[in-house]
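Asks: This is the structure, below, for whatever I ask next.
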Amino acid sequence: MAKLTKLDDIVSLCKRRGFIFQSSEIYGGLASCYDYGPLGSELKRNVRNAWWKSVVQMRDDIVGLDCSIFMHPLVWKASGHADKFADIVTVCKKCNVRSRVDHLTDAPNKMAEGLAGKVCPSCGAVGQFTEPMPFRLMFETQMGANTDDAMTIFLRPETAQGIFVNFRNVLDSTRVKIPFGIAQIGKSFRNEVTTKAFIFRTREFEQAEIEFFCAPGTDEKWYEHWKDARFNWYINLGMKKENLRLRQHDKDELAHYAKGCVDVEYKFPFGSGDWQELEGIANRTDFDLRQHQRGMRTLNSWYEKKGDLSKIELNSESEDYQKGPLSYFDEEGKQRFIPYVIEPSAGIDRSCLAFLVDAYDEDEVNGEVRNVLRFHPALAPVKAAIFPLVKKDGMPEIATNLYNDLKKYFNCFYDEKSAVGRRYRRQDEAGTPYCITIDGQTKEDNTVTVRERDSMVQERINLSQVKSYLREKLDI
């Protein structure tokens with residue numbers, strides 16, 4: 001029977017088996033920063049690849065992009081991040097810990113009146129908070145070798161803006177026509193107040209985003225399409241449907257430019273189990289391209305004000321904005337417009353955590369507890385493990401030859417140490433779908449034992465059929 005997973009179980013397994021480590025651990029660690037180990041880096045790569053295959057490789061209406069992390073500061077002025085991208089925070093007077101106001105909970109039997117009835121998540125003090133204040137979320141740095149020509153730039157807080165500012169480049173260099181999308185996977189950075197929830201919320205994280213451009217009036221159709229497509233992506237990769245839901249944002253939650261937004265939420269094992277965002281799907285209207293047209297027309301002010309974003313106002317939007325450089329002319333309909341945008345935006349790190357949580361299970365085998373990660377084969381870090389039953393009688397040589405052949409096609413693991421039962425358990429805990437054992441019978445009839453992870457059922461197949469057997473089972 002599956003065990004109710006706790007976050008501590010996942011953290012322990014990730015450290016023990018080399019999925020995820022605390023960053024800079026030998027120096028005491030760096031808060032909310034993590035390193036992916038040998039198994040974790042393979043899992044993360046597989047999540048990326050599964051996303052890219054689904055939204056780019058298998059579709060004819062989406063192309064890929066890989067944008068620079070550093071961008072011109074005016075990008076963030078036009079997008080609104082330079083002026084508005086901040087959390088409202090407060091500091092506990094008792095323990096001096098900063099918290100986001102919207103993350104504070106009400107104290108039992110207290111009337112929620114401002115912060116008076118709120119509980120500090122660090123020390124438990126009630127109502128002991130400073131006045132709320134904005135906390136800027138973008139990391140700043142300097143670009144330029146000399147002080148007289150250096151300028152302040154930012155680590156990007158999202159990958160979306162790189163797509164918007166390349167909209168015209170993609171149109172001019174490809175044959176795409178609206179409706180079409182641009183996809184990107186990349187690192188983003190936010191200096192936000194984080195929770196102690198492992199890799200769920202970190203200051204450095206990886207996003208997988210699509211900006212899908214469509215004609216005004218067709219946006220609702222595409223909004224519904226992407227809600228279904230993105231929800232089903234998680235289901236198709238083995239995530240339990242009962243742990244997923246779609247939550248529509250209330251009107252007071254929506255960004256000022258958004259026509260609608262829905263979150264794909266997963267029931268994470270935080271506390272007694274909390275629904276938290278995995279991915280957002282938003283109808284951003286034509287806001288972004290219009291803003292960047294205004295930003296392009298503000299360049300002169302940038303140079304006049306010597307790059308001081310606080311002194312720069314975006315140029316007013318002219319009446320002919322639909323004829324601007326980021327507009328689109330529809331040859332078939334003979335009309336020009338600023339495209340609407342539907343944005344599915346997923347977190348790769350959050351997805352990795354959700355897949356880990358969903359795959360984690362414990363069962364009992366011969367009176368012993370077996371830890372197992374029931375990953376979908378596409379996500380499993382190692383696809384197959386190859387074992388010689390013993391280190392003699394030519395078994396290691398046969399096993400090594402098979403391993404060297406298979407690793408050209410799948411990520412495989414070779415192990416000849418300890419009892420074969422223990423080797424099975426180690427691979428179960430790593431999420432490996434199949435283990436292949438070479439034994440005494442192999443030399444007699446050229447067959448091997450293939451053992452399946454979830455059912456632990458074993459069958460014998462011919463050594464020459466192993467590659468095709470795995471390809472069929474793994475669907476790769």
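Asks: For residues that are assigned to a loop (DSSP other than H, G, I, E, B) and farther than 29 Å from residue 234 by Cα, scanning just segment 32-84, find the one that is farthest from the chain's Cα centre (by Cα).
Replies: Applying the first criterion (assigned to a loop (DSSP other than H, G, I, E, B)) to segment 32-84 yields 32-33, 37, 58-61, 65-69, 71-72, 80.
Right, trim to farther than 29 Å from residue 234 by Cα and you get 71-72, 80.
Values: 71: 22, 72: 25, 80: 23 Å.
Ranking the candidates gives 72 first.
Asks: Given the criteria of a type in the set (Val, Ile, Thr) and free of Cβ contacts under 8 Å to residues at least 12 places away in the same chain, does residue 141 qualify? Quick ask: steps written out before the conclusion?
Replies: On the way: of a type in the set (Val, Ile, Thr): yes; free of Cβ contacts under 8 Å to residues at least 12 places away in the same chain: no.
When the stated conditions are applied, residue 141 does not pass them.
Asks: A further question on this structure: Residues of segment 450-476 being among the polar types (S, T, N, Q) and more than 21 Å from residue 440 (Cβ to Cβ), which ones? Walk me through it before giving the result.
Replies: At the first step, the residues of segment 450-476 found to be among the polar types (S, T, N, Q) are 455, 458, 462, 464-465, 468.
455, 468, listed by residue number.
Asks: Every residue in segment 223-272 that is under 20 Å from the mean Cα position of the chain (by Cα), outside any helix (DSSP H, G or I), more than 27 Å from residue 80 (Cα to Cα) and not hydrophobic (A, V, I, L, M, F, W, C), please.
Replies: Within segment 223-272, 238, 240, 245, 266, 267, 269 meet the criteria.
Asks: Then there is this: Against the condition assigned to a helix (DSSP H, G or I) and free of Cβ contacts under 8 Å to residues at least 40 places away in the same chain, how does residue 441 come out, does it pass?
Replies: yes
Asks: Select from segment 152-192 the residues that are in contact with a helix residue (DSSP H, G or I) (Cβ under 7 Å, 6 or more places away or on another chain) and hydrophobic (A, V, I, L, M, F, W, C) and list them in ascending order.
Replies: The answer is 153, 154, 164, 165, 167, 176, 182, 183, 185.
Asks: For residue 210, all conditions in the list (1) modelled with pLDDT under 90; (2) among the hydrophobic types (A, V, I, L, M, F, W, C); (3) in a strand (DSSP E or B) hold save one; what is the number of the exception?
Replies: (1)
Asks: Also: With respect to residue 64, determine if the residue is over 25 Å from residue 356 (Cβ atoms) and not acidic (Asp, Glu).
Replies: On the way: over 25 Å from residue 356 (Cβ atoms): yes; not acidic (Asp, Glu): yes.
Yes; evaluated as a whole, the condition is true for this residue.
Asks: Kindly indicate which of 370, 336 is of a type in the set (D, E, K, R) and either under 30 Å from residue 163 (Cβ atoms) or assigned to a helix (DSSP H, G or I) (or both). It would help to see each step written out before you state the result.
Replies: On the way: 370 fails: either under 30 Å from residue 163 (Cβ atoms) or assigned to a helix (DSSP H, G or I) (or both).
Just one listed residue meets the conditions, 336.
Asks: Being modelled with pLDDT of 95 or more, exposed (fewer than 15 other Cβ atoms within 10 Å of the Cβ), outside any loop (DSSP other than H, G, I, E, B) and among the charged types (D, E, K, R), is that true of even one residue in segment 350-363?
Replies: No, segment 350-363 contains no residue that is modelled with pLDDT of 95 or more, exposed (fewer than 15 other Cβ atoms within 10 Å of the Cβ), outside any loop (DSSP other than H, G, I, E, B) and among the charged types (D, E, K, R).
Asks: Being closer than 16 Å to residue 276 by Cβ, in contact with a strand residue (DSSP E or B) (Cβ under 6 Å, 6 or more places away or on another chain) and buried (at least 18 other Cβ atoms within 10 Å of the Cβ), is that true of even one residue in segment 181-191?
Replies: Keep residues of segment 181-191 that are closer than 16 Å to residue 276 by Cβ, which gives none.
Looking for residues that are closer than 16 Å to residue 276 by Cβ, in contact with a strand residue (DSSP E or B) (Cβ under 6 Å, 6 or more places away or on another chain) and buried (at least 18 other Cβ atoms within 10 Å of the Cβ), one finds none in segment 181-191, hence no.
Asks: Scan (1) in contact with a strand residue (DSSP E or B) (Cβ under 9 Å, 6 or more places away or on another chain); (2) surrounded by fewer than 20 Cβ atoms within 10 Å (Cβ to Cβ) for the single condition residue 238 breaks and write down its number.
Replies: Every condition holds for residue 238 apart from (1).
Asks: Can you run down the residue pairs with Cβ atoms below 6 Å, 6 or more apart or on separate chains, where the first is in segment 379-402 and crowded, with 19+ Cβ neighbours inside 10 Å and the partner is of a type in the set (Lys, Arg)?
Replies: What qualifies is 387/423.
This table checks each residue for (1) outside the structural domain of residue 200 (by TED's automatic domain parsing); (2) on the phi > 0 side of the Ramachandran plot; (3) of a type in the set (Gly, Ala, Ser).
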{"site": "336", "(1), (2), (3)": "no, no, no"}
{"site": "361", "(1), (2), (3)": "yes, no, no"}
{"site": "367", "(1), (2), (3)": "yes, yes, yes"}
{"site": "401", "(1), (2), (3)": "yes, no, no"}
{"site": "407", "(1), (2), (3)": "yes, no, no"}
{"site": "416", "(1), (2), (3)": "yes, no, no"}
{"site": "431", "(1), (2), (3)": "yes, yes, yes"}
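Asks: Still on this structure, I have one more. Search segment 376-427 for residues being outside any loop (DSSP other than H, G, I, E, B) and of a type in the set (Gly, Ala, Ser), and hand back the single one that is nearest to the chain's Cα centre (by Cα). Steps first, please.
Replies: Step one: of segment 376-427, the residues outside any loop (DSSP other than H, G, I, E, B) are 384-388, 395-406, 412-414, 420-427.
Imposing the further condition that a residue be of a type in the set (Gly, Ala, Ser) reduces the set to 384-385, 399, 421.
On the way: 384: 25, 385: 28, 399: 37, 421: 35 Å.
Among those residues, the one meeting the criterion is 384.
Asks: Let me ask something else about it. Anything in segment 103-113 that is out of contact with any Leu (no Cβ under 9 Å at 6 or more places or on another chain) and modelled with pLDDT of 80 or more? List them, or say none.
Replies: Our first condition is that a residue be out of contact with any Leu (no Cβ under 9 Å at 6 or more places or on another chain); within segment 103-113, this holds for 103, 105-113.
Scanning segment 103-113 gives 105, 106, 107.
Asks: Within segment 407-436, how many residues are surrounded by 20 or more Cβ atoms within 10 Å (Cβ to Cβ) and either in contact (Cβ under 8 Å) with a residue 60 or more places away in the chain or farther than 29 Å from residue 357 by Cα (or both)?
Replies: Total satisfying the criteria: 2.
Asks: Test residue 88 against the criterion of being surrounded by fewer than 14 Cβ atoms within 10 Å (Cβ to Cβ) and assigned to a strand (DSSP E or B), and give yes or no.
Replies: Numbers: surrounded by fewer than 14 Cβ atoms within 10 Å (Cβ to Cβ): yes; assigned to a strand (DSSP E or B): yes.
Answer is yes for this residue.
The values are calculated or read from the model by the stated rules, or taken from the named source; none is laboratory data. Just so we're clear, the structure is a prediction, and the values are computed from it rather than from any experiment. We place every Cβ from the backbone using ideal geometry, glycine too, and count neighbours over all the protein chains shown.
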